[in-house]
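Taking it in order: structure first as structure tokens, then the write-up.
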Amino acid sequence: MRVTTFSSNAQFIQNVNALKFQQNNLSRQISTGQKIHGPEDGASSVARASAASTEKSRIQAFANNIHRAETIGNLSLESLQVFKEISDSASNLALTNDGLSSSSDFTPREADLRQLIEQGINSLNTKFGDDYMFAGANTSELPFEALRYTESDEFMRDTTGAILFDTVESPSGQPISEGTYVDPTTGNQTDAAGVPLPGPVVIDAGIDFNTGELVGLNATTGDFDPILDTNGNVITPQNPDPAGTGVITTPRALPDKYIGEVYAVEYTGSEDRSDDVRFRVAENSQVDPFSRGAQNAGYGEVLNGMIALRDAFLNEDFKGITERADELENTRVNVNDGIVELAVKVNGIKTLERINVGRFNQLEDNISELVDADLAETIVEFNRMQTAYEATLSSGSRILNLSILDYLR
Amino acid sequence: MSGLFGHLTSASSALQAHSKSVELSGKNIANINNPNYARQRVISSSVSAVASGQVSTFVDREVQNLRDVFVDKQVVEEGSFLSSFETRDNRLREILAVLGETVDRVNDPSFISDQPEDNGGIRDSLNDFLNAFENFAANPTDRANRSVVMQSAEELVSSLNRADARLDKIENSIDTEIQTEVKSFNNRMAELSDMNRQIARIEIAAGEGAAADIRNERQALLEELAEFAQVDVETVASSGGQVAVRMRTESGETVDLLRPGFSPEPLLYDTANNTFRVASSSEDLDLRAGKLAALSQVKSEDLVEIRSQLDALANTVATEVNEIYYQAFVPAGVDPAVDPAVPEFSFFAQPTPPPSVSGAPSTVDAGSIALYTGSSDPLVTDSRALDVDSLRSTNSNFAGANELALAIAGLSQQNFATLGELSLSEAIIQTSIDLGQEIESNGNQLAVQSDVQILMKERQAQVSGVSLDEEMSNLVQYQRAFQASSQVFQVVSEMLETIVNLR
């Protein structure tokens, strides 16, 4: 076979170029730590690496969501636990009501309840960032709005906002019924104008049709004296019903110290299950880290139960205290359920977090296996290539340097 | 038997033959670095002549240009393929770069808490967009999340627009390159035609092979021509060594681009239809291989395929997001049953409203995809462009509700018929991978073809190449022969002198 000078040079250059290309390639692998850089280097490997990288970025997005879900869950749980302790305290005040007899026994408890109600409202209006924790989906609105007495209020209200009425009992112990007007001179039941009703019916209490004040028969004097409210004031029913068909209204007067106090709590958040906020924390996995809307509405009932209890203490109403305490206990079941539910959610979120971290690390390993260069192997290969390169240069320079010309004399 | 004068003539012809051989060795050595040169040598033969009853022996010499016609033809043919693969490789890599699908481990987060970094590719933009909605769904009231959604949406739109614009540029540059290369091809055809004429002029007068140097240049030119397109070259009989150059049409017919005695037919390129032809034929040419064929293939197949995949992706993103996000606006006093609702809010500018509402197919593509900028309909009184403030996570009145954001983020998990039953990110990966595989496959063919080309060039060099060692040893050989022939001449001359000086 003829080996020509030009082709032998060209072949030498090709060999040197090929080795240099390989060296550059290996050098790039060593400097970047990667054996492939794009689809042109290995389409199937890059496809798998890209898919894994996409999944990693999704897991990172889920990690952000998990972090938020965990924060919301923990914060909601803590707040709800605080609320439970508050409601426990309220309930305990009611359960230890034996031996209460005087105002000095009721007043401190009523004062405690006022504080507990405020704390309870605060704990349920916990906010994280711009979002209220117990508002369902309506996260931007204050969920538990405290309706408070203002200076213009004269009477106490129930938790629906309606004015509270006390039952006024007659001296005989029979509650004064609707439209009960009395002629204080005869004791006859009359209409609002003083016209004796058919009967005539002699009663011992009613509204004095002359003055509009509540009056009752004084057994000692035989006179009809005014019936006084808890503050010792004369009760003048607001709506004496002159037509004689209305209800005797005896609104409960508002103590001055109650101005600014809460008479009801209104839940403004969403309640429907479909409105509860859920978001993704893993592929095909969503969580609702917030307390459920329907439960939140239940927490409002607990607060209103505490308010009703407070009012019972204010009225020194033994029977009322017991009844309100029972009602409060019934509504407090919601709180316990809510705590359990949130705790389960937080645990679930933590499990998902561990799974996500595990998946991320696994994907990272997969990508590394596909893409990363084995440095030891690459450096050995690089040295091998460098040796070959040096040998080619050395042998080439010797071959090219000599020809028959060097031996012709 | 010849006489002394015959000896002198014979020695003289030998001296001329050796001198010619030395001259050709010098020429060979002078062209040792000329890749187009084929070595030449003197073929000597002994010729006897009878003059005045005496037989004289002469050394006849013929210059031979050492070429293997078959190998030369193969070099031309294989050169077309090599050029095809090289050109396509370069262009496919350019297109791949547009997609930005690279593996960058430096910026790739190694830990879940690392901040992900965007390498500017379409896949990353798409992932960022969907992930931004995922985080937006978890915290819809957070302004930072809303900003991230808007930024990622703008980046997605911009990356698709950018890719489309770059593909436009590549297509334009291919058009320009084809036009330039067609011009170069035609110039070379004109040069070839000139060489044909020169070879014919010389060889008709001086015999076949007399125009060896021009033949060498013509062979180089044919090899260059083959790099543009696959041409069939045939030496035309009785034409003084001229060659005809032909190409084939799509139906397989042959078309002469160059015929002895005629001007070459210029190759024409129709940019709009991406076809080649010559004026004398009504059929389009099938270039089969070569740079022009590769450029044409990249334009008509690879670019079209990539564009179609990118357009499908952009269209699917816009349509699917708008299907979720679109909210019709019904002006006061308008009965939606009578008058169609006009759009109030969309996410992407097109299609507005989405096909499911309008009934019209979406026309959005990678070049036209844009964010919604508000309605131009005069009935829409409170139309607002999409921005951080107007971005909605829900259609309800609850600020924390997220059904829209959740549904849009959920698109990442869906497969779409418009994308060949792939998900959005799978589609863009598939596009890159298809292209990568094409590059790999083309690269493998390129490597094989390079080896074939090297082999053919080696075979060509084995026949035609100059070896310095060979030429030097030939030179010594010729020198010695010349010296010996001179010695013969001197001896015969002395013999004649002896005879002449006899007394």
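The values are calculated or read from the model by the stated rules, or taken from the named source; none is laboratory data. Just so you know, these numbers come straight off a predicted model, no measurement behind them. Here the Cβ is made from the backbone with ideal geometry for all residues, glycine too, and neighbour counts use every protein chain on show.
For the reader, a short list of remarks on this structure follows.
- Exclusive hit being under 20 Å from residue B:118 (Cα atoms) and not hydroxyl-bearing (Ser, Thr, Tyr), set A:72, A:86, A:13, A:36: A:36
- The one condition in (1) more than 29 Å from residue A:33 (Cβ to Cβ); (2) touching a strand residue (DSSP E or B) at 6+ places or on another chain (Cβ under 6 Å) that residue A:371 fails to fulfil: (1)
- Enumeration of residues in segment B:464-482 that are among the charged types (D, E, K, R) and more than 8 Å from every other protein chain (Cβ to nearest Cβ): B:471, B:480
- Residues located in segment A:2-17, provided they are facing chain B (nearest Cβ under 10 Å) and either at pLDDT 85 or above or out of contact with any helix residue (DSSP H, G or I) (no Cβ under 6 Å at 6 or more places or on another chain) (or both): A:3, A:6, A:8, A:9, A:10, A:11, A:14
- Residue match in segment B:101-119 (condition: within 11 Å of chain A (Cβ to nearest Cβ), over 25 Å from residue B:456 (Cβ atoms) and under 16 Å from the mean Cα position of the chain (by Cα)): no
- Considering residues of segment A:336-356 that are within 22 Å of residue A:280 (Cβ to Cβ) and within 15 Å of the chain's Cα centre (by Cα) only, the residue surrounded by the fewest Cβ atoms within 10 Å (Cβ to Cβ): A:344
Quick grid of which residues meet (1) part of a loop (DSSP other than H, G, I, E, B); (2) among the hydroxyl-bearing types (Ser, Thr, Tyr); (3) at pLDDT 80 or above:
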| position | (1), (2), (3) |
| --- | --- |
| A:192 | yes, no, no |
| A:215 | no, no, yes |
| A:222 | yes, no, yes |
| A:263 | no, yes, yes |
| A:266 | no, no, yes |
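- Single unsatisfied condition, residue B:242 versus (1) out of contact with any strand residue (DSSP E or B) (no Cβ under 9 Å at 6 or more places or on another chain); (2) over 30 Å from residue B:411 (Cβ atoms); (3) of a type outside the set (D, E, K, R): (1)
- In segment A:270-297, the residues that are more than 9 Å from every other protein chain (Cβ to nearest Cβ), basic (Lys, Arg) and more than 13 Å from the chain's Cα centre (by Cα): A:273
- Residue match in segment B:128-142 (condition: modelled with pLDDT under 90, crowded, with 22+ Cβ neighbours inside 10 Å and closer than 30 Å to residue B:437 by Cα): no
- Single unsatisfied condition, residue A:320 versus (1) in contact with a helix residue (DSSP H, G or I) (Cβ under 6 Å, 6 or more places away or on another chain); (2) crowded, with 17+ Cβ neighbours inside 10 Å: (2)
- Entry remark, segment A:345-380: residues being closer than 30 Å to residue A:291 by Cα and not hydrophobic (A, V, I, L, M, F, W, C) number 10 in total.
- Checked against (1) away from chain A (no Cβ under 12 Å); (2) under 42 Å from the mean Cα position of the chain (by Cα); (3) in contact (Cβ under 8 Å) with a residue 40 or more places away in the chain, residue B:485 meets all criteria but (2).
- Selection status of residue B:431, among the polar types (S, T, N, Q), surrounded by fewer than 23 Cβ atoms within 10 Å (Cβ to Cβ), more than 8 Å from chain A (Cβ to nearest Cβ) and closer than 19 Å to residue B:306 by Cα: no
- Exclusive hit being facing chain A (nearest Cβ under 7 Å), farther than 27 Å from residue B:14 by Cα and among the hydrophobic types (A, V, I, L, M, F, W, C), set B:447, B:461: B:461
- Residue within segment A:360-368 that is of a type in the set (Asp, Glu) and in contact (Cβ under 8 Å) with a residue 40 or more places away in the chain present: yes
- Elements of type strands (runs of 3 or more DSSP E) in segment B:184-268, at least 1 residues being of a type in the set (Asp, Glu) and free of Cβ contacts under 8 Å to residues at least 40 places away in the same chain: B:232-235, B:254-258
- Residue in segment B:264-273 that is crowded, with 16+ Cβ neighbours inside 10 Å, over 18 Å from residue B:222 (Cβ atoms) and not charged (D, E, K, R) present: yes
- Within segment A:290-409, helices (runs of 4 or more DSSP H) holding 1 or more residues that are over 30 Å from residue A:25 (Cβ atoms): A:293-314, A:318-371
- Of all residues in segment A:371-396 being small (Gly, Ala, Ser) and without any contact (Cβ under 8 Å) to a residue 40 or more places away in the chain, the one that is farthest from residue B:110 (Cα to Cα): A:395
- You will find that of A:111, A:69, A:90, A:49, the residue that is away from chain B (no Cβ under 14 Å), part of a helix (DSSP H, G or I) and crowded, with 18+ Cβ neighbours inside 10 Å is A:90 and no other.
- Condition broken by residue A:125, with the remaining ones in (1) buried (at least 19 other Cβ atoms within 10 Å of the Cβ); (2) closer than 20 Å to residue A:331 by Cα; (3) touching a strand residue (DSSP E or B) at 6+ places or on another chain (Cβ under 9 Å) satisfied: (1)
- Any chance residue B:11 is over 19 Å from residue B:472 (Cα atoms), modelled with pLDDT under 90, away from chain A (no Cβ under 14 Å) and part of a helix (DSSP H, G or I): yes
- Among the conditions (1) surrounded by 14 or more Cβ atoms within 10 Å (Cβ to Cβ); (2) closer than 30 Å to residue A:299 by Cα; (3) modelled with pLDDT of 85 or more, residue A:183 misses just one, which is (2).
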